[in-house]
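Take a look at the structure set out below.
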Amino acid sequence: MVILLLPELAEKIVKEVRKLIGEEIIVVNTEGFIIASTRPERVGTFHEGALITSQQKKKLIITERDILHLKGAKAGINLPIFFQREVIGVIGITGDPEIVTPFAEILRKMTELLISENYYSEQFEWHSRAIETFVAEWLQAKEPSPALIDRARALAINLDINRTAAIIEFDHQDHPLSRDAWSSILKSIVQNNTDVAARSGNGRIILLIDSSNSVIKKRLEAFLSFLKNNFGISAYAGVGQKANPLELRYSYSQAKRALKIAKSKRNITFDEDLSLEMITGDLTSKVKADYIQRTIGPILHEHELLDTLRELFRQNHSLKNTANSLHIHINTLHYRLKKTEELTQLAPGNIHDLLCMYLAILFLDE
């Protein structure tokens, strides 16, 4: 395996190592050219001492006398950087060898640790991207193709078990998460080798899981708490119903339908708990917008009346509980409902009109 020490990583190494020592620091590739330095003018220049260090695979102390015949070198110490037992570069510390040598091994270990962390982080991201692409194709395929089956095998995904699709969506994520943040998040949600978790854009995760709904709910509750506590991210989730591998796309469609309700309620919603939403979920945005205008259109700018209706529905049409929840007198509630009826020509006391208003509020909150 050939591992290249890229300039971006080399600059990160210089920045981190500089926190421990105030001397001049360089990072050199295996061909002897400086690719990062605390002195930018040295980047791109040849360093013969580093080349020798790379070739001999051992540290090289450079004295004032040595710099006379070593091109581009300064007094100090050069140490080979190892990754998986191979030299991938050299780190050099300029200064009095007697002063900088005691720091040498610590700095090399720190450098190798940074490289190792970066490598495994990149491997995790590659694997995550591969799963993301695979899941997107899997959820669209009517049946797994031979190529999809081969990729599943390469990614260690078992296509022979039934799974439930869940979609977790972040609420108002203003800034893209870093690679390290995504790594932590995806590792947190995957708990066993049958779980499949994939990013879907910058603010959504698709989870394919082989568990009962009660277990799924507990795991999602714990995961949403993890997001909130560690990243300050509020999220909600929609969960489909368990399906076999050939019908997993149906579970995903159910999860998307449940997610619409979860988004309005800011909670975890299971598709199997939906009833009226099963019908309304397939209506187009145009139809819903027209319906809102035909029913509660006259009060769309009457926020007090809209909030009163919402609370009335939350309280299952209990006038007493609605008034208490809104902290208003029962007579004030009656006045608001009467005004709503006058403006919309829909009576909250009539079951047909009440259903019309309920659907309109439901569509509005979507």
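The values are calculated or read from the model by the stated rules, or taken from the named source; none is laboratory data. Computed from a prediction, not measured in an experiment: that's the story for all the values here. Positions of Cβ are backbone-derived with ideal geometry, glycine not excepted, and every protein chain shown enters the neighbour counts. In case anyone asks, the SASA skips ligands and DNA or RNA and just uses the protein heavy atoms, side chains included. Shrake-Rupley method; radii C 1.70, N 1.55, O 1.52, S 1.80 Å.
Summary table below
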{"read-out": "Residue selected from segment 100-121 under the condition surrounded by fewer than 16 Cβ atoms within 10 Å (Cβ to Cβ) and without any contact (Cβ under 8 Å) to a residue 40 or more places away in the chain, by the criterion nearest to Arg199 (Cα to Cα)", "value": "Tyr120"}
{"read-out": "Residue list for segment 158-187, filter: open to solvent by less than 70 Å² (accessible area, probe 1.4 Å) and part of a helix (DSSP H, G or I)", "value": "Ala181, Trp182, Ser183, Ser184, Ile185, Leu186"}
{"read-out": "Residue match in segment 189-197 (condition: in contact (Cβ under 8 Å) with a residue 40 or more places away in the chain and either open to solvent by 20 Å² or more (accessible area, probe 1.4 Å) or not in a loop (DSSP other than H, G, I, E, B) (or both))", "value": "yes"}
{"read-out": "Residue within segment 38-45 that is touching a helix residue (DSSP H, G or I) at 6+ places or on another chain (Cβ under 9 Å), open to solvent by 20 Å² or more (accessible area, probe 1.4 Å) and charged (D, E, K, R) present", "value": "no"}
{"read-out": "Number of positions in segment 145-154 that are surrounded by fewer than 14 Cβ atoms within 10 Å (Cβ to Cβ) and either touching a residue at least 60 places away in the same chain (Cβ under 8 Å) or under 19 Å from Arg129 (Cβ atoms) (or both)", "value": "4"}
{"read-out": "Residues of segment 243-255 classified as out of contact with any strand residue (DSSP E or B) (no Cβ under 8 Å at 6 or more places or on another chain), in contact (Cβ under 8 Å) with a residue 40 or more places away in the chain and small (Gly, Ala, Ser), total", "value": "0"}
{"read-out": "Qualifying residue in segment 12-21 (condition: modelled with pLDDT of 85 or more, under 15 Å from Thr111 (Cβ atoms), surrounded by 22 or more Cβ atoms within 10 Å (Cβ to Cβ) and not small (Gly, Ala, Ser))", "value": "no"}
{"read-out": "Segment 122-144 - residue that is more than 23 Å from Leu9 (Cα to Cα) and among the polar types (S, T, N, Q) and, of those, surrounded by the most Cβ atoms within 10 Å (Cβ to Cβ)", "value": "Thr133"}
{"read-out": "Number of positions in segment 46-75 that are open to solvent by less than 50 Å² (accessible area, probe 1.4 Å) and either on the phi > 0 side of the Ramachandran plot or not aliphatic (A, V, I, L, M) (or both)", "value": "6"}
{"read-out": "Residue in segment 210-226 that is open to solvent by less than 70 Å² (accessible area, probe 1.4 Å), farther than 30 Å from Glu341 by Cβ, of a type in the set (D, E, K, R) and touching a strand residue (DSSP E or B) at 6+ places or on another chain (Cβ under 7 Å) present", "value": "yes"}
{"read-out": "Segments classed as helices (runs of 4 or more DSSP H), wholly inside segment 256-343, with at least 1 members that are over 18 Å from Phe363 (Cα atoms), open to solvent by less than 70 Å² (accessible area, probe 1.4 Å) and out of contact with any strand residue (DSSP E or B) (no Cβ under 7 Å at 6 or more places or on another chain)", "value": "319-326"}
